[in-house]
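The values are calculated or read from the model by the stated rules, or taken from the named source; none is laboratory data. This structure is a prediction, so every number in the text was calculated from the model and none was measured. When we count neighbours, we look across all protein chains shown, and the Cβ atoms used for this are built from the backbone with ideal geometry, even at glycine.
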Amino acid sequence: MASLDNTGWSVPGLLVALLLVFDSGVLHVRGLEVSTGKVSSIEAMNGSTVLLPCTYSSCIGIHKLTFSWHYNNNGTMNKLCEGVVPSEGVEPKVKVEHDRVEFVGSSKSHNISILLWNITFEDEGEYTCFAKNPKEMNRNHSAIFTLRVVDQMREVDNTLTVIIVSVLGGVIGLVIIVMVIKALVVQFLLKDDEKNKECLVNASGNDNTENGLTGAKAENKGTPKA
């Protein structure tokens, strides 16, 4: 008979519950993930070569990680390449199944990206990067990258940018003009202040002369003898 704790749970029941929490909380958060980067789509010209990016990560580690690239051709998934990464840091063994696809990844950077050469309008669509890790009970994950093919690149409307730059240039120019005017005014005021001081000095000398400083010198002369 299974024993019960104070909460009414049996020991096997607790173990099952803990395993479920571990599986949903740890494996699903820290397990295998693949990503095509912050930008999941690209627009490229007809005839150019594009990079289809994909990286993988796993906090648990990998062992015999399998990966593949597929192209969604109106609902039919066409395989472009597949490979196996034996272990961490070991370069993958890759099999390319498309004549215009080149594998450019490396296990050292957890990179499983591919190049698609000389794209055509028929190459437009969704590309799926898929990976599976046997070390995590065959946990798998995938990410989609969208390719759009155009005959010429669209011109970017820089009207708003030009307006912003013009406004900023005008503000900066106005600030410079104000600073120059301020400097001229300050210089003029300093010169005017110096003139006022010079006038005060001259005026003070004249007042002393008029107040009899010369006469005082005359009074200091000795009294003439009889």
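Out of (1) touching a strand residue (DSSP E or B) at 6+ places or on another chain (Cβ under 6 Å); (2) more than 27 Å from Val150 (Cβ to Cβ), the odd one out for Met77 is which?
Status for Met77: all satisfied but (2).
If only one of Glu126, Glu102, Glu91 is assigned to a strand (DSSP E or B) and free of Cβ contacts under 8 Å to residues at least 24 places away in the same chain, which one is it?
Glu102
Determine, yes or no, whether Lys64 is among the basic types (Lys, Arg), modelled with pLDDT of 95 or more and within 16 Å of Glu136 (Cβ to Cβ).
On the way: among the basic types (Lys, Arg): yes; modelled with pLDDT of 95 or more: yes; within 16 Å of Glu136 (Cβ to Cβ): yes.
The answer is yes for Lys64.
Would you check which residues across region 38-66 are among the β-branched types (Val, Ile, Thr) and touching a Cys at 6+ places or on another chain (Cβ under 7 Å) and list them?
none
Does region 20-58 hold any residues that are over 24 Å from the mean Cα position of the chain (by Cα), modelled with pLDDT of 90 or more, farther than 18 Å from Phe130 by Cα and not aliphatic (A, V, I, L, M), and which are they? If you could, list the steps in order and put the result at the bottom.
So the first thing to find is which residues in region 20-58 are over 24 Å from the mean Cα position of the chain (by Cα), and the list is 20-32, 45-49, 58.
Adding the requirement that they be modelled with pLDDT of 90 or more leaves 31-32, 45-49, 58.
So of that shortlist, the ones also farther than 18 Å from Phe130 by Cα come out as 45-49.
Asn46, Gly47, Ser48, Thr49, listed by residue number.
Does Met153 satisfy being at pLDDT below 90 and closer than 23 Å to Met45 by Cβ?
yes
Rundown of residues vs (1) in contact with a Phe, Trp or Tyr (Cβ under 6 Å, 6 or more places away or on another chain); (2) at pLDDT below 65; (3) surrounded by fewer than 10 Cβ atoms within 10 Å (Cβ to Cβ); (4) of a type outside the set (Gly, Ala, Ser), yes/no style:
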| site | (1), (2), (3), (4) |
| --- | --- |
| Arg139 | no, no, no, yes |
| Ile144 | no, no, no, yes |
| Thr161 | no, no, no, yes |
| Ile164 | no, no, no, yes |
| Ala183 | no, no, no, no |
| Cys199 | no, yes, no, yes |
| Ala218 | no, yes, yes, no |
| Lys221 | no, yes, yes, yes |
